[in-house]
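The values are calculated or read from the model by the stated rules, or taken from the named source; none is laboratory data. The structure presented is a predicted model; accordingly, all values stated were derived computationally and were not measured. When we count neighbours, we look across all protein chains shown, and the Cβ atoms used for this are built from the backbone with ideal geometry, even at glycine. These accessible areas exclude ligands, DNA and RNA; they are computed on the full protein's heavy atoms, side chains included. Shrake-Rupley method; radii C 1.70, N 1.55, O 1.52, S 1.80 Å.
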Amino acid sequence: MTNRTKEPAELLTQWVAKKHNGQTKKYTGDPYFIHLETVAVMARPATLMGYEIGLCHDILEDTAVTHNELFEALLGFGYNDMEANYITVRVVELTDIFKSSAYPGLSRIERKEKEARRLMTISPGAQTVKYCDLIDNMPLVIKYDQEHAIEYLRKKKLLLKGMVDGDKSLWKMAIEIIEKGLL
């Protein structure tokens with residue numbers, strides 16, 4: 001069977017699953033790919049190429065894949081140049097820049113603050129996928145890490161107050177999870 005008999009999204013899904021093979025979700029131990037697929041399915045109707053961006057949102061952080069490799073893979077799966085570029089740019093936007101390796105002179109708190117300010121400036125499509133990421137992650141923190149949940153939710157609430165350009169219904173859903181968790 002050749003790749004031509006499969007849809008680009010199916011090929012991408014298989015590739016992402018392979019790249020994240022063996023990774024597990026914090027707290028539950030579930031395969032990490034479940035989180036990626038959940039974010040992708042949630043983002044699909046909310047933003048252009050939402051499925052693809054959601055599926056790949058952590059690939060540059062959590063695997064050895066580079067943005068060039070992602071772009072080339074997308075082309076190979078059948079996405080055209082414009083689609084592959086659009087997806088890759090959004091994934092790059094969602095990838096942490098302020099890592100300790102790149103900014104050893106900054107404290108963890110300083111890096112997180114700079115990262116939050118940066119996320120407030122990313123495109124509406126990338127913000128929408130970030131909302132989906134938070135919607136999937138926050139209930140796990142609330143359920144399994146009650147010791148840190150309040151501080152975590154307060155930080156996410158501050159982030160979302162400045163990150164308002166994405167899908168409004170998903171933004172509202174994320175805020176509602178925070179408000180419920182802070183009760």
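Looking only at the range 142-170, filter to residues that are touching a residue at least 60 places away in the same chain (Cβ under 8 Å) and touching a helix residue (DSSP H, G or I) at 6+ places or on another chain (Cβ under 8 Å); which one of those is surrounded by the fewest Cβ atoms within 10 Å (Cβ to Cβ)?
Asp145
From Thr28, Thr95, grab the single residue that is over 17 Å from the mean Cα position of the chain (by Cα), closer than 26 Å to Ala116 by Cβ and either of a type in the set (Val, Ile, Thr) or open to solvent by 30 Å² or more (accessible area, probe 1.4 Å) (or both).
Thr28
Out of Met173, Met138, report the one residue that is open to solvent by 60 Å² or more (accessible area, probe 1.4 Å), outside any loop (DSSP other than H, G, I, E, B) and under 21 Å from Ile34 (Cβ atoms).
Result of the check over Met173, Met138: Met173.
Go through (1) buried (at least 19 other Cβ atoms within 10 Å of the Cβ); (2) within 14 Å of the chain's Cα centre (by Cα) and name the single condition Pro124 misses.
(1)
Take Gly29 and decide whether it is touching a residue at least 24 places away in the same chain (Cβ under 8 Å) and small (Gly, Ala, Ser).
It is false that Gly29 is touching a residue at least 24 places away in the same chain (Cβ under 8 Å) and small (Gly, Ala, Ser).
Using beta carbons and a limit of 7 Å, which pairs, at least six apart or on different chains, have the first residue in the range 98-111 and closer than 16 Å to Lys155 by Cα and the second one surrounded by 10 or more Cβ atoms within 10 Å (Cβ to Cβ) and among the hydroxyl-bearing types (Ser, Thr, Tyr)?
Arg111/Ser100; Arg111/Tyr103
Tell me the residue from Ala126, Ala149 that is in a helix (DSSP H, G or I) and either touching a Cys at 6+ places or on another chain (Cβ under 9 Å) or under 19 Å from Ala43 (Cα atoms) (or both), please.
One residue alone meets the criteria, Ala126.
Could you look through the range 1-25, keep only residues that are under 23 Å from Arg90 (Cβ atoms) and polar (S, T, N, Q), and pick out the one that is least open to solvent (accessible area, probe 1.4 Å)?
Thr13
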